[in-house]
Each structure stands twice: as structure tokens, then as C-alpha cells.
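Below: the structure, in C-alpha cells.
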Amino acid sequence: MRKKIIAGNWKMNKLPNETIEFIEELAPLIKNTENEVVICAPYIDLFYALLTVQGTNIKIGAQNMHFEEKGAYTGEVSGEMLKSIGVEYVIIGHSARRQYYDETDKAVNEKLKKALSIGLKPIVCVGENLEQRENGKAKEIVTTQTKLALEGINGENAKKTIIAYEPIWAIGTGKTATKEDANETIKWIREEIEKIYGKDIADCVIIQYGGSVKSTNAKDLFTMPDIDGGLIGGASLNAQEFANIINYNK
Ligand code: PGA
């Protein structure tokens with residue numbers, strides 16, 4: 001049985017004091033969940049978040065990282081830096097980064113290799129835009145992104161890679177993929193992983209859905225056989241709403 005991972009992607013939201021308040025409110029609401037709970041906070045909030053989650057079942061992630069350990073990369077943060085303060089997860093290749101910061105499949109691949117090599121748990125985002133979906137290109141896009149992200153990564157490490165299928169047209173738009181479409185697309189991703197690594201490994205890889213998940217649709221989505229939880233943007237900014245999503249199976 002694959003574990004469900006429910007991860008909040010706060011994007012560029014919340015100050016340190018808001019981070020602390022949020023975690024203090026969330027922790028008691030989700031203390032009995034068997035789902036893995038992750039908050040991916042802005043860099044500036046990570047240290048406060050890590051201090052506040054001590055003694056809770058909440059894990060902390062970052063939203064990006066550089067693939068080099070150190071050097072003249074003004075404004076960047078390395079995986080080693082994240083790891084050194086106790087960050088466990090890192091989002092790689094979110095569509096916002098691919099779109100606004102020209103993050104390429106090659107950069108995603110390099111970041112993924114680095115994250116795996118230092119024991120950060122990567123959440124790699126893939127997903128098609130509306131035009132691609134309407135032109136019947138979704139399968140080609142998500143399987144190609146998956147294949148390129150995993151290039152040169154061995155089976156053991158592939159198993160540790162979490163994929164988030166996030167159709168770009170569903171992110172922050174209030175439009176959610178139907179549970180059937182989301183499940184089918186995730187199956188395509190799993191089949192691609194199977195082609196590279198075989199069924200045993202493909203069956204272990206956690207693949208989330210992201211894109212306008214809220215408490216009212218979480219259960220429908222997360223009880224589909226191939227959907228292993230979600231990456232939640234807007235709805236993860238409110239502690240009660242995020243708790244309701246995490247407790248979808250209570
Ligand atoms: P959303 O964002 O839930 O606000 O659609 C999801 C994401 O970008 O990870």
C-alpha cells in the first residue's frame with residue numbers, strides 16, 4: 001500500500017509569525033491522521049516552521065532549491081542548506097518555476113539528482129497546459145516530463161521520488177481535473193515509470209494530484225486507486241481547510 005502524502009504549497013505567502021500561528025492551529029486538528037503531512041513554506045519561514053512542528057506529525061519542505069552545493073549563485077539556496085536546518089522535502093519543477101523562471105527539464109533533472117543524493121525527499125511536478133490537454137497532448141507532455149526528470153536516476157532513487165501531477169489549467173483556477181481524468185493521467189505517468197524501471201518500482205512511486213484541491217473534492221480525488229494524496233496550494237493557507245483535506249478519510 002502506498003502512503004498518501006498531503007503537502008501544502010504555500011507559494012509566496014505567510015510571514016514567520018503567521019507560519020507559527022498556522023502550525024499551532026493545524027497540529028491538534030490533524031494529530032490522528034495516518035497520512036503524511038507536509039508544509040512547503042517560503043525559505044524565510046522554514047526555520048520558524050521547523051521549530052514549531054517539533055513534537056507534531058507535520059513535516060517541512062521547501063519550494064525550490066539550487067542543484068549546486070555552493071558558489072556564486074546570487075539569491076539561490078542549495079539543497080545542502082535546506083538539509084542542514086532539518087528540511088525534509090523539496091518541491092522541484094513546479095509549473096510556476098517552469099513558466100516564470102524558465103526552469104527546464106534538464107534543471108529539474110539536476111535538482112532531482114542533487115536532492116536524492118543528500119536525502120531530501122523530492123516532489124517533482126509535471127503537468128500539461130490547457131491547449132495541450134485540448135489537443136490531446138497531455139499524455140505525451142506528462143510522460144516526457146517524467147522521463148526527462150528521471151534521466152540517469154537508478155531504481156532505488158526513483159522509488160524515493162514523489163511525483164505531483166498538476167495540470168496547469170487547474171492550478172489556482174478553481175477548475176479541478178475530474179477524478180477519472182486525474183487518475184488516468186497518473187496511470188500514464190506510472191506506466192512510463194514502469195517502462196523504465198519495471199512494475200515493482202512503478203507500484204511503489206507516490207504520485208499526487210494537484211490543482212484546485214479543496215476539502216469538498218479531496219475525498220473524491222484521493223480515494224481513486226492511483227492518486228496518492230495531493231499538492232495543495234490555495235486551500236493549504238487556511239489551517240481548518242487544510243486540516244479538512246488531510247482528514248478526508250476520517
Ligand atoms: P492550487 O495550487 O491548489 O491553488 O490550485 C496547487 C499548486 O500549485 O501546487
| remark: Calculated from DSSP helices alone, with each H run of at least 4 adding -39500 (n - 2.57) and the total divided by the residues of the chain, [θ]222 nm to the nearest 500 comes to -12500 deg cm²/dmol
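Taking the chain on its own, what percent of its Cα-Cα pair distances exceed 27 Å? Could the numbers behind the result be given before it?
Values: 9382 of 31125 pairs.
Across the chain, Cα pairs with separations above 27 Å total 30 percent.
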| query | Using alpha-carbon positions, what is the distance between the centroids of the stretch 228-248 and the stretch 61-90, in Å? | reply | 25 Å
| query | Cα centroids of the stretch 166-193 and the stretch 121-160: how far apart, whole angstrom? | reply | 11 Å
| said: Whole-Hz ³J(HN,Hα) for each residue in the stretch 163-174, computed from phi via Karplus 6.51 cos²θ - 1.76 cosθ + 1.60 with θ = phi - 60°, x for glycine and proline: what do you get? | reply: 10, 10, 7, 10, x, 4, 5, 9, 7, x, 9, x
| query | Which residues' amide hydrogens lie under 5 Å from the amide hydrogen of Phe67, considering only partners 5 or more residues apart or on another chain, with H built in the peptide plane? | reply | none
| query | If each of Thr104 and Ile118 carries a label point 7 Å out from its Cα toward its Cβ, how far apart are those two points in nm? | reply | 2.3 nm
| query | Based on the Cβ-Cβ distance from Thr56 to Cys204, what FRET efficiency comes out when R0 is 22 Å, to the nearest 0.05? | reply | 0.25
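By average Cβ neighbour count within 10 Å, what is the ranking of 192-202, 233-243 from highest down?
Working: 192-202: 15.9, 233-243: 19.3.
Packing proxy ranking, top to bottom: 233-243, 192-202.
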| field | Nonlocal amide H pairs with His94, under 5 Å, H built at 1.01 Å | value | Cys125
| remark: Flagged as over-length at 31 Å C-alpha distance, from Lys121/Lys179; Lys70/Lys139; Lys70/Lys175; Lys106/Lys219, the pairs are Lys70/Lys139; Lys70/Lys175; Lys106/Lys219
| Table column - 3J(HN,Hα) (Hz), the stretch 3-8, Karplus curve with 6.51, -1.76, 1.60, x for Gly and Pro | 6, 8, 10, 10, 10, x
| remark: In order over the stretch 178-183: 3J(HN,Hα) from phi, Karplus 6.51/-1.76/1.60, θ = phi - 60°, whole Hz, x for each Gly or Pro, gives 5, 4, 5, 5, 4, 5
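Bear in mind these aren't lab numbers, they're just calculated from the coordinates by the rules spelled out. Keep in mind that this is a model prediction, so the values were computed, not measured. Ideal geometry is used to build each Cβ from the backbone, glycine not excepted, and the neighbour counts take in all protein chains shown.
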